[in-house]
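**Q** Dropping a structure here in structure tokens format, bear with me for questions.
The values are calculated or read from the model by the stated rules, or taken from the named source; none is laboratory data. Remember, it's a predicted structure, so these values are computed and weren't measured experimentally. No Cβ is skipped: glycine too gets one built from the backbone with ideal geometry, and neighbour counts run over all protein chains shown.
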Amino acid sequence: MTGRYHETDPMSDVISDDYRMLQMISRFGITLGFGDQTVAETCQKAGVDTGTFLTVVNFLTDTNHAHINEMVEHIDLPTMLRYLKNSHTYFIDYRLPGIRRKLIQAIDMRSQIAMLILQFYDEYMAEVTRHMQYENTHVHPYVEQLLEGRRGEQTLADITSQHEGSHSSIDRSLTELKNIIIKYYPNDQNAALLGDALMDIYMVEEDFLNHCHMEDTLFSQCVRRLEESPLLASPAGEETSPSTPPMAGDGEGALSDREREVIRLVAMGLSNKEIAERMFIAVNTVMTHRRNISRKLDIHATAGLTIYAIVNGIINVEDVKL
Ligand SMILES: [Fe+2]
Ligand SMILES: [Fe+2]
């Protein structure tokens, strides 16, 4: 197998070389205390497929993913599926709520901006949770059905394209949140705590990106191979290609007076229809303004736009609707 680690390497090396692998081994259900055992011995004892384990370790520790096709050969799909499911539980039940608790401790909850930051984080958490629950209830059962030898009506590409939030849109929300805290939060007291919460946000972002990347490459390719297998019960599905969600543009520029007015009304809690009525313009025009604003500022969530409006004096804090 190509990659940094092999079956005969001591398991302890995997952790001591890169502490982030601690999270990875626990998602495989492997516990610490493996002494001088090799990777293969530890996996065998824990009932984990060694090929899948090594593929995931090598994928995470080597960012040059030039050998994906070869890596896929060593994956046992049921093991991979269990790993992804455990990762979802880790994010939804443990990691994201933990960061929320830290944020609450770190920010001054009497401040309007702090409340908006928390609201922004909650929106992010809800988006990730919806995304992962969709995978738990739609993507994983579909793959389990394939593993039982039955082809479905749809392909993996069809199912993932019906996702509400794409990997890139979720990551964009987190980037916005980090930028808002860094640029706009008046770091009065609790600087150490806020720094700590921010560090966690950076780490969870990296972890989440790796997770998504693994789903988009290793996992998808494994499933595609299975979909193409002639051994499946029903006729072959349509040919598919992975969908690539559009990335946000990076246009910069000053806001026009109309755009500033739209932001002010958004921060007041008005809907697009209400904004259109106030400004005597069509709803479609409001939506165009909002798209242009988001592109210029790289802020998409309402809470983020509201924070921007407050700190840039577009609206008074008293007029903001929480
Ligand atoms: Fe996932
Ligand atoms: Fe995903």
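**Q** Identify, please: which residue in the stretch 103-148 is surrounded by fewer than 17 Cβ atoms within 10 Å (Cβ to Cβ) and not in a helix (DSSP H, G or I) and is, among those, farthest from ligand 2 (Cβ to nearest atom)?
**A** Looking at the filtered set, the residue picked out is ARG110.
**Q** Give the number of residues within the stretch 98-122 that are in contact (Cβ under 8 Å) with a residue 40 or more places away in the chain and closer than 16 Å to VAL204 by Cβ.
**A** 8
**Q** Return a yes/no flag: does the stretch 76-91 have any residue that is within 15 Å of SER220 (Cα to Cα) and touching a Cys at 6+ places or on another chain (Cβ under 7 Å).
**A** yes
**Q** In the stretch 209-227, is there at least one residue being crowded, with 18+ Cβ neighbours inside 10 Å, farther than 30 Å from ILE299 by Cβ, at pLDDT below 90 and more than 12 Å from ligand 1 (Cβ to nearest atom)?
**A** Yes, the conditions are met somewhere in the stretch 209-227.
**Q** Please indicate, with yes or no, whether at least one residue in the stretch 91-98 is among the β-branched types (Val, Ile, Thr), modelled with pLDDT of 90 or more and out of contact with any Gly (no Cβ under 7 Å at 6 or more places or on another chain). Explain how you work it out, then say what you get.
**A** Quick first cut of the stretch 91-98, residues among the β-branched types (Val, Ile, Thr) only: 92.
Adding the requirement that they be modelled with pLDDT of 90 or more leaves 92.
Retained after the next criterion (residues that are out of contact with any Gly (no Cβ under 7 Å at 6 or more places or on another chain)): 92.
Yes, the stretch 91-98 has at least one match.
**Q** Kindly evaluate GLN162 against the criterion of being under 20 Å from ASP122 (Cβ atoms), within 15 Å of ligand 2 (Cβ to nearest atom), polar (S, T, N, Q) and touching a residue at least 24 places away in the same chain (Cβ under 8 Å). Break it down into steps so the answer makes sense when it comes.
**A** Values: under 20 Å from ASP122 (Cβ atoms): no; within 15 Å of ligand 2 (Cβ to nearest atom): yes; polar (S, T, N, Q): yes; touching a residue at least 24 places away in the same chain (Cβ under 8 Å): yes.
So GLN162 fails the test.
**Q** Now, a different point. Has the stretch 77-97 got any residue that is more than 22 Å from the chain's Cα centre (by Cα) and among the β-branched types (Val, Ile, Thr)?
**A** no
**Q** Give the residue, chosen from SER87, SER173, that is of a type in the set (Ser, Thr, Tyr) and under 26 Å from THR302 (Cβ atoms). Working first, answer last.
**A** Working: SER87 fails: under 26 Å from THR302 (Cβ atoms).
Going through SER87, SER173 in turn, the sole match is SER173.
**Q** Restricting attention to the stretch 155-184, report how many residues are surrounded by 14 or more Cβ atoms within 10 Å (Cβ to Cβ), outside any helix (DSSP H, G or I) and modelled with pLDDT under 85.
**A** So the answer is 3.
**Q** In this structure, is GLY152 of a type outside the set (A, V, I, L, M, F, W, C) and not in a helix (DSSP H, G or I)?
**A** Working: of a type outside the set (A, V, I, L, M, F, W, C): yes; not in a helix (DSSP H, G or I): yes.
So GLY152 fits the description; yes.
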